[in-house]
Each structure stands twice: as C-alpha cells, then as structure tokens.
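Peer 1: I have a structure here, written as structure tokens, and I will follow up with some questions on it.
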Amino acid sequence: MQRASGENYSRVKRIVELNRLHTICTSGNCPNIGECWNAGTATFMILGDICTRACKFCNTKTGKPLPPDPDEPHRLAESIKKLGLRHCVITSVDRDDLPDGGASFWAGAIRTIRKENPGITIESLIPDLDGKHENIQKIIDASPDVISHNVETVRRLTPLIRTKAKYDRSLDVIRYVTRKGRVSKSGFMLGLGESEEEVIETINDLYEAGCRILTIGQYLKPSGEHMDVIRYYPPPKFEEYRQTALAKGFEFVESSPLVRSSFHAENHVKAR
C-alpha cells in the first residue's frame, strides 16, 4: 500500500477539491488511494455524496441527498481533461429519491465526459436502479466501455448487510447488461462470514449471469458502527479463488486482500 502523499497525489487531490467533486476513494476510505492517486487515477462519484441506503459495510454518508447538481458533469469532464486520463471510472451513491434512480443524470454525465475527452474509455460502476431495465438501458445507451455492478457478498448474507438491495436483482442487472451486448463486471468481499461453498456459488452465479470481469477483496470494517470482520483471508486463498474463477471462464480476475472494484480498472478494458 502506497502512502497517501506525493506530487501526483497532491495534484489529483487539488483538482478534485477545486472542482467540488466526490470520489469513492475518500468516501469509502479505500486502502488503495495512495497508489491510485499517485498514478493519476481516481474513481469519481456523481450525484453527490449522500446515499439513500445505509449498507452495513459501506462508509459513504447516508441520509436525504441534495438535488442533483446540473453542472457536476461538466466539472467532472474538465477535471478528467486536466488530469489527462485515458480511462476513468464513474460511480454514484444510490438515489432512490429520484424517479429513475439517477439514470438520466448518469447518461448525461457519460456523454459530457466523452464530448470533452475524445478517445477516453469509461467504466460505469452503477447502483441496481431498482432493477428496472428501462433505467439500466439509459446508461447502456450512453455507451460506457464497461458496466459494473457489485453483488458485494454471497446470497445468504445479502439481507444482513445490504439495504434494499437483493442478490438476485444484482444478478439480473448483470444479466441484462450482458444480454444487451455490453461488457459486464462485478465484485464481492470476503470476510463477512461466508462459507467456501458460498464463495464458489457466487463465482458460478456471476459467470452464469454473463459477468466476465471479477474483483474479490477483503472486507475491512470502516468504523465501529459497521459489520465486524469475521475472518481475514490470507493472500494464497485469494489467489486460489482467482484461479477458480479463471478456470470457470472469467476473462480477467483481480483477487487479493486490498482489491476494490475499481483497482487497476484500466487493465480491465485492455484485457478485452
């Protein structure tokens, strides 16, 4: 893990703050912020930094969000240009308060980024949008290069740690994205009390849904109010699961304790 300091780190931090942007790097207390920001990359979070859900693993603020900022996509596109990014990852909080879950705003943001940054590749790490296909389609129509949606954990533990989200709904999001001919990606955490059999079941379920890019990382408790870590997995176990997923047919798998869904995301596009 690299220290959260250095010239590039300071440059990214300055541009993000100057343009009043949010990143999951800071909102989620990501352990890779030093490495990613020193490499000049960040995962930008649109639609504000207040989530309408309160999942027990996530450090993002929860409550009543502010109305969407119509100027946010332009500030984001300009920041990406200043950073000279060739690939960017965009995510968002859940916006259950909006009629389409924020899908129209998502689509507009993607198009604005492309207009200001010709040739850039984009990964959109989306919420479940209540599983409504018409909302997911709005994002698909904006043509991001990769559409990612995290299942987060195994089926049995989903009701315990995810607010409102459902395991089968997440699988359906992946399935719909795949059926529409888009590259789909997902990820989940280890350490919340899942069994070996449940990990393998989740890998299989994601593959059957059409997912071909997978991330697996160790859950780390972000505060005293969040779920406890039941188990810390050693690196060899993560490698074992990586090999299992590759043998199943996944095209690209990131699996190690500090992996998060957007870690080395630019490689996921190159691997296609």
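Peer 1: If you take the residues of the range 160-206 that are of a type in the set (D, E, K, R) and not in a helix (DSSP H, G or I), which of them is nearest to Ser255 (Cα to Cα)? Quick ask: steps written out before the conclusion?
Peer 2: Pass one, the range 160-206, residues of a type in the set (D, E, K, R): 162, 164, 166, 168-169, 172, 175, 179-180, 182, 185, 194, 196-198, 201, 205.
Cutting the leftovers down to not in a helix (DSSP H, G or I) gives us 162, 164, 166, 180, 182, 185, 194.
Working: Arg162: 22, Lys164: 27, Lys166: 23, Lys180: 27, Arg182: 23, Lys185: 14, Glu194: 16 Å.
Here the residue is Lys185.
Peer 1: I would also like to ask the following. Applying the selection to the range 116-156, what residues are over 18 Å from Arg182 (Cα atoms), at pLDDT 95 or above and part of a helix (DSSP H, G or I)?
Peer 2: Hit for the range 116-156 is Asp130, nothing else.
Peer 1: In the range 207-227, which residues are under 16 Å from Gly249 (Cβ atoms), part of a loop (DSSP other than H, G, I, E, B) and acidic (Asp, Glu)?
Peer 2: none
Peer 1: Considering every residue within the range 111-128, establish whether at least one is out of contact with any strand residue (DSSP E or B) (no Cβ under 7 Å at 6 or more places or on another chain) and more than 19 Å from Cys88 (Cβ to Cβ).
Peer 2: Within the range 111-128 (the criterion being out of contact with any strand residue (DSSP E or B) (no Cβ under 7 Å at 6 or more places or on another chain) and more than 19 Å from Cys88 (Cβ to Cβ)), the answer is yes, since at least one residue qualifies.
Peer 1: For the range 154-186, name all the residues that are more than 17 Å from Asn135 (Cβ to Cβ) and of a type in the set (Lys, Arg).
Peer 2: Arg155, Arg156, Arg162, Lys185, listed by residue number.
Peer 1: Can I ask one more? Applying the selection to the range 139-188, what residues are of a type in the set (A, V, I, L, M, F, W, C), touching a Gly at 6+ places or on another chain (Cβ under 9 Å), under 14 Å from Ile126 (Cβ atoms) and buried (at least 22 other Cβ atoms within 10 Å of the Cβ)?
Peer 2: Val151, Val173, Ile174, Val177
Peer 1: Report every pair of residues separated by at least 6 positions or lying on different chains whose Cβ atoms are under 6 Å apart, first residue within the range 56-74 and at positive phi, second surrounded by 10 or more Cβ atoms within 10 Å (Cβ to Cβ) and not in a loop (DSSP other than H, G, I, E, B).
Peer 2: Taking only residues 6 or more apart or on different chains, the pairs are Gly63/Ile50.
Peer 1: Suppose we keep only residues that are among the acidic types (Asp, Glu) and within 20 Å of Asn150 (Cα to Cα) within the range 80-111. Which one would you say is nearest to the chain's Cα centre (by Cα)?
Peer 2: At the first step, the residues of the range 80-111 found to be among the acidic types (Asp, Glu) are 94, 96-97, 100.
If we keep only those that are within 20 Å of Asn150 (Cα to Cα) too, we end up with 94, 96, 100.
Working: Asp94: 12, Asp96: 18, Asp100: 19 Å.
Ranking the qualifying residues of the range 80-111, first place goes to Asp94.
Peer 1: Ok, one more. With the requirement that a residue be in contact with a strand residue (DSSP E or B) (Cβ under 8 Å, 6 or more places away or on another chain), in a loop (DSSP other than H, G, I, E, B) and not charged (D, E, K, R), what does the range 66-88 give you?
Peer 2: Leu66
Peer 1: Out of everything in the range 220-262 that is charged (D, E, K, R) and closer than 24 Å to Ile122 by Cα, what residue ends up being surrounded by the fewest Cβ atoms within 10 Å (Cβ to Cβ)? Before the answer, list the steps.
Peer 2: Initially, the range 220-262 is screened for residues charged (D, E, K, R), giving 221, 225, 228, 231, 237, 239-240, 242, 248, 251, 254, 260.
Narrowing further to those that are closer than 24 Å to Ile122 by Cα: 251, 254, 260.
On the way: Glu251: 15, Glu254: 22, Arg260: 24.
Residue satisfying both the conditions and the ranking: Glu251.
Peer 1: Can you work out which of the residues in the range 35-65 that are part of a loop (DSSP other than H, G, I, E, B) and basic (Lys, Arg) is modelled with the lowest pLDDT?
Peer 2: Here is the first cut: in the range 35-65, the ones part of a loop (DSSP other than H, G, I, E, B) are 39-42, 47-49, 52-60, 63-65.
Add one more test, that the residue is basic (Lys, Arg), and what stays is 53, 56, 64.
On the way: Arg53: 96, Lys56: 92, Lys64: 95.
Among those residues, the one meeting the criterion is Lys56.
Peer 1: Additional query: Would you mind stating whether Arg175 is touching a strand residue (DSSP E or B) at 6+ places or on another chain (Cβ under 9 Å) and of a type outside the set (Ser, Thr, Tyr)? Full working, then the answer.
Peer 2: On the way: touching a strand residue (DSSP E or B) at 6+ places or on another chain (Cβ under 9 Å): yes; of a type outside the set (Ser, Thr, Tyr): yes.
So Arg175 fits the description; yes.
Peer 1: Might you let me know whether the range 193-208 holds any residue that is touching a Ser or Thr at 6+ places or on another chain (Cβ under 8 Å), closer than 23 Å to Pro144 by Cβ, buried (at least 21 other Cβ atoms within 10 Å of the Cβ) and at pLDDT 95 or above?
Peer 2: yes
Peer 1: Hey, among the residues in the range 104-125 that are hydrophobic (A, V, I, L, M, F, W, C) and closer than 14 Å to Ser143 by Cβ, which one's surrounded by the fewest Cβ atoms within 10 Å (Cβ to Cβ)? Working first, answer last.
Peer 2: Step one: list which residues in the range 104-125 are hydrophobic (A, V, I, L, M, F, W, C), which gives 105-107, 109-110, 113, 120, 122, 125.
Filter once more, keeping what is closer than 14 Å to Ser143 by Cβ: 106-107, 109-110, 113, 120, 122.
Details: Trp106: 28, Ala107: 22, Ala109: 26, Ile110: 23, Ile113: 25, Ile120: 16, Ile122: 22.
The residue in question is Ile120.
Peer 1: Inspect the range 110-122 for any residue being out of contact with any Lys or Arg (no Cβ under 8 Å at 6 or more places or on another chain), within 22 Å of Leu246 (Cα to Cα) and free of Cβ contacts under 8 Å to residues at least 24 places away in the same chain and give the result as yes or no. Walk me through it before giving the result.
Peer 2: Step one: filter the range 110-122 for residues out of contact with any Lys or Arg (no Cβ under 8 Å at 6 or more places or on another chain), giving 110-115, 118.
Going one step further and asking which of them are within 22 Å of Leu246 (Cα to Cα), we end up with none.
No, that holds for no residue.
Peer 1: Okay, next question. What's the number of the only condition in (1) in contact with a Phe, Trp or Tyr (Cβ under 7 Å, 6 or more places away or on another chain); (2) over 30 Å from Ala142 (Cα atoms) that Glu196 fails to meet?
Peer 2: (1)
The values are calculated or read from the model by the stated rules, or taken from the named source; none is laboratory data. Please read these numbers as outputs of a predicted model, since none were measured by experiment. Using ideal geometry, Cβ is built from the backbone for each residue, glycine included, and neighbour counts are taken over all protein chains shown.
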